Amino acid sequence: MSHADTTPTSAGPSGSGARRRLPRGGVLGGMLLVGGALAVADQLTKNWAEANLHELVPQPFLGEFLQLTLLYNSGAAWGMGSGITPVVTCLQVAIVIGVIVFAVRAVRSPWYTLALGLVLGGALGNIHDRLLRPPGPFHGEVVDFLELPHWPVFNVADMAVVGGALLIVLLGVIGHAADPAEVDAEAEAEAEARAQGESPTDSVASPDNPESPKGTR
């Protein structure tokens, strides 16, 4: 493991304080902790639903806003892909592999670690159903039991995947990098360029700026 993976980096010349940067092991450990806890919670709630609910018989939980309706889903949302369950299963396995590879190669942010842990846990919860529940491996039906108005019935694993995906989008919108060191390196390069009397935007001559350090007419 390189020194860069274990040493926290500063927030750059702006002086906003140190950014927390996780080592690779910390990212993987955090993802597995979050993902494992969610996968266990998902299976516990599914087992409870099977033991206490009747299939396709809604039971009010928060009035009509949230009802408990047990059903078995062989496809994706709204029952799509019910005839290609093995393909859906393979796609979910591919998501898990992609999340792990991305985390190892590019993620050092605690917030991205949390987001990917949510996606990982949700995917693992539903993969468990696909592989181990009837009618058989890669054809298993996912247990769903949470129902909102005008929305497909879902489960805790689905909530985790959607929550993780929304968090990733939010982090991108606010400009939070997957690896804080990348932002710090850019900030340090800018500061060095300014210290030398040349900002990155001045490196290209402009006819409208004859006094640019490298500008010519």
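When the residues of segment 133-169 are narrowed to those that are surrounded by 21 or more Cβ atoms within 10 Å (Cβ to Cβ) and small (Gly, Ala, Ser), which ends up farthest from Phe65 (Cα to Cα)? Filtering segment 133-169 for residues that are surrounded by 21 or more Cβ atoms within 10 Å (Cβ to Cβ) and small (Gly, Ala, Ser), the one farthest from Phe65 (Cα to Cα) comes out as Gly140. All conditions in (1) over 13 Å from Arg130 (Cα atoms); (2) open to solvent by 70 Å² or more (accessible area, probe 1.4 Å); (3) part of a helix (DSSP H, G or I) hold for Val87, with the sole exception of (1).
Applying the set (1) open to solvent by less than 60 Å² (accessible area, probe 1.4 Å); (2) of a type in the set (A, V, I, L, M, F, W, C); (3) closer than 21 Å to Val153 by Cα to Val93 leaves exactly one unmet item: (3).
With the structure loaded, tell me whether Glu50 is open to solvent by less than 80 Å² (accessible area, probe 1.4 Å) and among the charged types (D, E, K, R) or whether it fails that test. For Glu50, the condition - open to solvent by less than 80 Å² (accessible area, probe 1.4 Å) and among the charged types (D, E, K, R) - is met.
Counting only helices (runs of 4 or more DSSP H) wholly contained in segment 101-210, the ones carrying 2 or more residues that are modelled with pLDDT of 95 or more occupy 110-132, 156-173. State whether the residues of segment 124-134 include one that is within 20 Å of Ile97 (Cα to Cα) and among the charged types (D, E, K, R). Yes, segment 124-134 contains at least one residue that is within 20 Å of Ile97 (Cα to Cα) and among the charged types (D, E, K, R). Residue pairs whose Cβ atoms lie under 6 Å apart, separated by 6 or more positions or on different chains, with the first residue in segment 19-37 and open to solvent by less than 60 Å² (accessible area, probe 1.4 Å) and the second modelled with pLDDT under 95 and among the acidic types (Asp, Glu), are Pro23/Asp5.
Taking the numbered list (1) modelled with pLDDT under 85; (2) within 23 Å of the chain's Cα centre (by Cα) in turn, Gly79 passes all entries but (2).
The values are calculated or read from the model by the stated rules, or taken from the named source; none is laboratory data. Please read these numbers as outputs of a predicted model, since none were measured by experiment. Glycine gets a Cβ as well: all are built from the backbone with ideal geometry, and neighbour counts include every protein chain shown. Only protein heavy atoms, including side chains, enter the accessible area calculation; ligands, DNA and RNA are left aside. Shrake-Rupley method; radii C 1.70, N 1.55, O 1.52, S 1.80 Å.
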